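Reading through the structure tokens given below for one structure.
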Amino acid sequence: MANIVLVGAQWGDEGKGKIIDILSEKSDIIIRFQGGNNAGHTVVIGNEEFILHLIPSGILHSKKVCVIGNGVVVDPEALIEEIEMLKSRDIDVDSSLIISDQVHVIFPYHKLLDELRETKKGKAKIGTTKRGIGPCYGDKVSRCGIRLTELLNPEVLKEKLAFNIDEKNALMRTLYDHKGVSLDEIYGRYLEYGRRLSRYMQNVPLFLNKAISKGKSLLFEGAQGTFLDIDHGTYPYVTSSSATAGGACIGSGVGPIKIDKVIGVAKAYTTRVGEGPFPAEFAEEMMQKIRSKGKEFGATTGRPRRCGWLDVVLLKNASMINGLTELVLTKLDVLDDTDKIKVCVAYRHGNRIIKDFPSNMEVLENCRPVYEELPGWKENTSSISKYRSLPSKARRYISYISKFLKKRISMVSVGSERTQTLIRV
Ligand code: IMP
């Protein structure tokens with residue numbers, strides 16, 4: 001089997017969890033390579049629903065190795081909670097989970113700073129998940145971050161924590177009128193987290209490269225999506241990690257020539273959570289309709305997602321940046337009742353028509369969508385089990401997208417169950 005990278009082609013929440021779950025069956029090792037517990041991957045198996053924030057969805061299959069790569073930031077408290085939740089539902093975590101000893105650790109001051117900064121920004125806020133993601137990656141890049149392995153070394157941990165807490169407390173007191181955090185409380189608690197997580201820690205690049213040389217197949221599970229990527233997303237309304245395909249190599253220690261396929265996942269329409277430009281956003285009535293039919297509320301924060309028409313200008317850019325080899329379309333069934341379906345095929349900026357996604361976010365903020373309209377199929381697709389049984393107008397919609405992007409659409413999802421997936425051979 002090939003080594004596959006799977007990424008979100010929009011602003012996250014594309015329904016990647018279910019697709020990863022399906023692809024996991026044919027992979028030996030599933031790897032998270034970026035982000036943290038800001039992500040929420042929902043997988044439905046029979047009557048059971050699992051929401052995973054940090055551990056790869058592959059954990060729900062027996063005999064798979066699940067890896068948290070060096071590019072991830074880990075809140076140990078949230079990770080331990082997730083491990084316990086899975087164990088209480090009879091999932092074998094201990095023999096399946098490996099965590100890179102190089103991951104950076106989220107501390108209480110990261111979460112606090114995330115919250116304080118967002119509050120102070122007021123209207124200019126990013127709309128973060130307040131999980132401390134940005135401040136933790138900030139420390140990593142500023143070279144004062146603390147890696148998971150350092151929780152096992154009391155002297156090093158104390159020294160680094162003392163430096164960081166001094167600095168953060170000064171910032172919190174002067175800028176945010178907050179008393180700050182206590183070294184003693186955090187130090188003891190995090191030493192204990194280190195002890196509890198030590199059994200999972202490994203040299204992940206070494207483990208993965210040895211596995212490749214033994215012929216094992218790897219599935220890299222992207223979190224968030226292309227337009228939340230720190231470099232290629234709608235900056236500054238992005239997350240702080242590399243959510244595009246290149247991030248899989250950086251965040252795991254596997255070289256690019258070892259990757260065989262890059263699969264992009266896109267919803268049949270578009271959503272985003274938090275602030276930032278969104279040219280094809282619906283007007284209120286359609287927003288309410290699709291939000292409620294598509295259950296468009298964040299799996300991590302419960303926030304209502306902003307919804308809009310499918311934007312193929314955006315997808316064309318995602319295809320280019322990630323080097324997509326194919327696309328998976330999810331939640332097609334959510335459009336079942338729609339009379340006429342619009343697709344955003346270009347943007348109008350002043351009196352110019354733009355066909356490529358702009359790199360200048362000020363331009364994007366002022367873009368108006370240019371739509372093409374396709375007929376809706378007005379039939380229930382959620383119980384269809386073969387691609388060729390889809391209504392012809394639904395197939396026309398899919399083939400329109402495929403032709404525009406010049407990409408094969410290899411799977412179409414029509415519901416949250418594993419069985420509601422139409423695989424095109
Ligand atoms: P942060 O990652 O918490 O810093 O949030 C930065 C931006 O990314 C905000 O707009 C969040 O709503 C968005 N975001 C982060 N994680 C996810 C996700 O898993 N799905 C969708 N949006 C996300």
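Pairs only if they're at least six apart or on different chains, beta carbon under 7 angstrom, first in the stretch 129-154 and among the aliphatic types (A, V, I, L, M), second open to solvent by 60 Å² or more (accessible area, probe 1.4 Å) and in a helix (DSSP H, G or I); list them, first residue then second.
Final answer for the pair search is ILE146/LYS160.
Can you find, within the stretch 41-59, the residue that is surrounded by the fewest Cβ atoms within 10 Å (Cβ to Cβ) among those that are part of a loop (DSSP other than H, G, I, E, B) and within 16 Å of the ligand (Cβ to nearest atom)?
The residue in question is HIS53.
Within the stretch 316-334, work out how many residues are over 23 Å from ASP21 (Cβ atoms) and either of a type in the set (Ser, Thr, Tyr) or touching a residue at least 24 places away in the same chain (Cβ under 8 Å) (or both).
Looking only at that region, the number is 5.
Would you check if VAL181 is open to solvent by less than 40 Å² (accessible area, probe 1.4 Å), at pLDDT 95 or above and in contact with a Gly (Cβ under 8 Å, 6 or more places away or on another chain)?
no
Restricting attention to the stretch 21-40, does a residue exist that is out of contact with any Cys (no Cβ under 8 Å at 6 or more places or on another chain), within 15 Å of the ligand (Cβ to nearest atom) and without any contact (Cβ under 8 Å) to a residue 60 or more places away in the chain?
Within the stretch 21-40, not a single residue is out of contact with any Cys (no Cβ under 8 Å at 6 or more places or on another chain), within 15 Å of the ligand (Cβ to nearest atom) and without any contact (Cβ under 8 Å) to a residue 60 or more places away in the chain.
I need every pair where a residue in the stretch 205-230 that is farther than 20 Å from GLY58 by Cα has its Cβ under 8 Å from the Cβ of a residue that is more than 16 Å from the ligand (Cβ to nearest atom), sequence separation at least 6 or different chains.
From the stretch 205-230, the pairs are LEU206/GLY253; THR226/ASN317; THR226/ILE321; THR226/ASN322; ASP229/ILE321.
Within the stretch 243-267, work out how many residues are surrounded by fewer than 24 Cβ atoms within 10 Å (Cβ to Cβ) and not β-branched (Val, Ile, Thr).
8
Any chance the stretch 292-310 includes a residue that's open to solvent by less than 10 Å² (accessible area, probe 1.4 Å), away from the ligand (no atom under 16 Å from the Cβ) and closer than 23 Å to MET411 by Cβ?
Yes, the stretch 292-310 contains at least one residue that is open to solvent by less than 10 Å² (accessible area, probe 1.4 Å), away from the ligand (no atom under 16 Å from the Cβ) and closer than 23 Å to MET411 by Cβ.
Being β-branched (Val, Ile, Thr), in contact (Cβ under 8 Å) with a residue 12 or more places away in the chain and over 22 Å from GLY294 (Cα atoms), is that true of even one residue in the stretch 363-372?
yes
Which ones in the stretch 1-17 are near the ligand (Cβ under 9 Å from one of its atoms), of a type in the set (A, V, I, L, M, F, W, C) and open to solvent by 10 Å² or more (accessible area, probe 1.4 Å)?
none
Residue-by-condition table, conditions (1) within 18 Å of the chain's Cα centre (by Cα); (2) closer than 21 Å to GLY264 by Cα; (3) assigned by TED's automatic domain parsing to the domain that holds CYS249:
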position: GLN10; (1), (2), (3): yes, yes, yes
position: LYS26; (1), (2), (3): no, yes, yes
position: ASN47; (1), (2), (3): no, no, yes
position: ILE68; (1), (2), (3): yes, yes, yes
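Which residues, counting only those in the stretch 278-291, are open to solvent by less than 60 Å² (accessible area, probe 1.4 Å), away from the ligand (no atom under 12 Å from the Cβ) and part of a loop (DSSP other than H, G, I, E, B)?
Once the filter is applied, which keeps residues that are open to solvent by less than 60 Å² (accessible area, probe 1.4 Å), away from the ligand (no atom under 12 Å from the Cβ) and part of a loop (DSSP other than H, G, I, E, B), the stretch 278-291 yields PRO279, ALA280, PHE282.
Could you grab me the full set of residues in the stretch 87-104 that are in a loop (DSSP other than H, G, I, E, B), within 22 Å of ARG195 (Cβ to Cβ) and either open to solvent by 40 Å² or more (accessible area, probe 1.4 Å) or without any contact (Cβ under 8 Å) to a residue 12 or more places away in the chain (or both)?
Matches in the stretch 87-104: ASP92, ASP94, SER95, ASP101, GLN102.
Can you tell me which residues in the stretch 234-274 are away from the ligand (no atom under 12 Å from the Cβ) and assigned to a loop (DSSP other than H, G, I, E, B)?
Once the filter is applied, which keeps residues that are away from the ligand (no atom under 12 Å from the Cβ) and assigned to a loop (DSSP other than H, G, I, E, B), the stretch 234-274 yields SER242, THR244, ALA245, GLY251, SER252, GLY253, VAL254, GLY255, ILE259, ASP260, ALA268, TYR269.
The values are calculated or read from the model by the stated rules, or taken from the named source; none is laboratory data. Keep in mind the model is a prediction, meaning the values are calculated, not measured. Ideal geometry is used to build each Cβ from the backbone, glycine not excepted, and the neighbour counts take in all protein chains shown. Each accessible area value is taken on the protein alone, full model and side chains, heavy atoms only, with ligands, DNA and RNA left out. Shrake-Rupley method; radii C 1.70, N 1.55, O 1.52, S 1.80 Å.
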